[in-house]
Amino acid sequence: MASEAYGEGAESSSTFAKAGDSSSDGLEPWGISESKPMEENDQLKENAWNVGRTEPMSKRQMKKLMREKQWQDQKEQRKQKRKEKKLKRKLERQTQSKEACEESARKRFKRDVTPSNLRVALDCSFDSLMVLKDVKKLHKQIQRCYAENRKAAHPVKMYLTSHSGQLKKNMDENDKGWVNWKGITVTSEHFSEAMKKEELVYLTSDSPNVLNDLDVTKAYIIGGLVDHNHHKGLTYNKALELGITHAQLPLGNYVKMDSRKVLTVNHVFEIILAYLEKQNWQEAFFTVLPQRKGAVPACLPVSTEQNETEGDSDTCDSLENGRAAPEALAQEDKQPSKLNCEEQGTKINEEIDDET
């Protein structure tokens, strides 16, 4: 009897030993099959583990079952770790890309930007002549001037004079960050008090004097007025009253337009920045002037179609309406008989700058 019992025990041990040769074959005695659903197989494995604890089992089989059980128990934990690792790599790539862009921008800024000694002041002493709607438009134009000066190749020394009244109140309420602006002098003083009188040049379209070049020893004044042309000749008369030099940009020498040549504050400011970079008035004008003005080179005929009849000093939309006349420039290329502009060294830039 003892030998028979021993034989049965040996058979049971050999059965478990054979079952340990492979994961699939070893679990078959307990009904575990690859063809069954995963949840059912997990339950059968659990039952096999419990059975293995009460019956003789080789250490190898026991370790294998323990590893399988541990693997199943840690399944969700591994999944969560993979998600966290993937998210971490994504954040690292985004951070590296952002840092690379910032570093590139800093290098480009240091390499390309050469500050100019030229002074440009925005005269905001016309506050009482504007309604709140126009004051808000002037505020936007000033914001545009500041932004363009910050990214210009040759930024000027920018001044904001007579800063008070409605304009200051509107900026304090809607643009509190203006107090942190860099590269600009904001003062409540009149420009004639903040600078020497003999150095001032008031830019006004009514002046008979034409500005052919920019003098870095001078301070150029731009009238901060949005009046829908209700106060014509105001800035010119003001220059005469103060007894200071006055001039207009040489727009008529290089550009023909089917609208009046009164420009917005930011247009005049941007043309000055463009001229400092390109050293060419015609290129500067066509880089800045909006397409709605119907501007063409002075050597080409002006279109008979009138785009708009509204005044130009009441808007700030040089980018909303696009840059100046690329179609007109393309037409010029198709007419070799009218290429005398190139003889004057006035190659027109047709590329349109993107707004930042």
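The values are calculated or read from the model by the stated rules, or taken from the named source; none is laboratory data. From a predicted model like this one, the values you see are computed outputs, not experimental measurements. Because the Cβ atoms are built from the backbone with ideal geometry, glycine has one as well, and the counts that use them run over all protein chains shown. Ligands, DNA and RNA are excluded from the accessible area calculation, which covers all protein heavy atoms including side chains. Shrake-Rupley method; radii C 1.70, N 1.55, O 1.52, S 1.80 Å.
Quick notes
- All of Asp172, Asp112 fail the test of being more than 23 Å from the chain's Cα centre (by Cα) and either farther than 27 Å from Leu200 by Cα or open to solvent by less than 50 Å² (accessible area, probe 1.4 Å) (or both), apart from Asp172.
- Residue check: Lys196 meets all listed conditions (1) in contact (Cβ under 8 Å) with a residue 24 or more places away in the chain; (2) surrounded by fewer than 19 Cβ atoms within 10 Å (Cβ to Cβ) but one, namely (1).
- Close contacts from region 227-241, counting a first residue that is at negative phi and a second that is of a type in the set (Val, Ile, Thr) and at pLDDT 90 or above, with Cβ to Cβ under 7 Å and a gap of 6+ residues or different chains, come to Thr235/Thr204; Tyr236/Thr204; Ala239/Thr204.
Okay, residues lined up against (1) closer than 23 Å to Ala121 by Cβ; (2) open to solvent by 30 Å² or more (accessible area, probe 1.4 Å); (3) at pLDDT below 50:
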| site | (1), (2), (3) |
| --- | --- |
| Lys256 | no, yes, no |
| Gln279 | yes, yes, no |
| Val288 | yes, no, no |
| Thr309 | no, yes, yes |
| Cys316 | yes, yes, yes |
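- Number of residues in region 144-169 that are free of Cβ contacts under 8 Å to residues at least 40 places away in the same chain and out of contact with any Cys (no Cβ under 9 Å at 6 or more places or on another chain) equals 4.
- Criterion (outside any helix (DSSP H, G or I), within 13 Å of Arg119 (Cα to Cα) and open to solvent by less than 20 Å² (accessible area, probe 1.4 Å)) met by exactly one of Ile272, Ile222: Ile222
- Residue ID - nearest to Phe126 (Cα to Cα), chosen from residues in region 194-219 that are in a loop (DSSP other than H, G, I, E, B) and in contact with a strand residue (DSSP E or B) (Cβ under 7 Å, 6 or more places away or on another chain): Thr204
- The residue pairs whose first member lies in region 208-219 and is among the β-branched types (Val, Ile, Thr), whose second member is open to solvent by less than 80 Å² (accessible area, probe 1.4 Å), and whose beta carbons are closer than 6 Å, counting only pairs six or more residues apart or on different chains, are Val210/Pro250; Val216/Leu118.
- Residue within region 177-193 that is open to solvent by less than 40 Å² (accessible area, probe 1.4 Å), part of a helix (DSSP H, G or I) and hydroxyl-bearing (Ser, Thr, Tyr) present: no
- Selected residue (criterion: least open to solvent (accessible area, probe 1.4 Å)) from residues of region 295-307 that are at pLDDT 70 or above and of a type in the set (Gly, Ala, Ser): Ala295
- Just one of the numbered conditions (1) within 33 Å of the chain's Cα centre (by Cα); (2) open to solvent by 10 Å² or more (accessible area, probe 1.4 Å); (3) within 30 Å of Ala153 (Cβ to Cβ) is not true of Thr235: (1).
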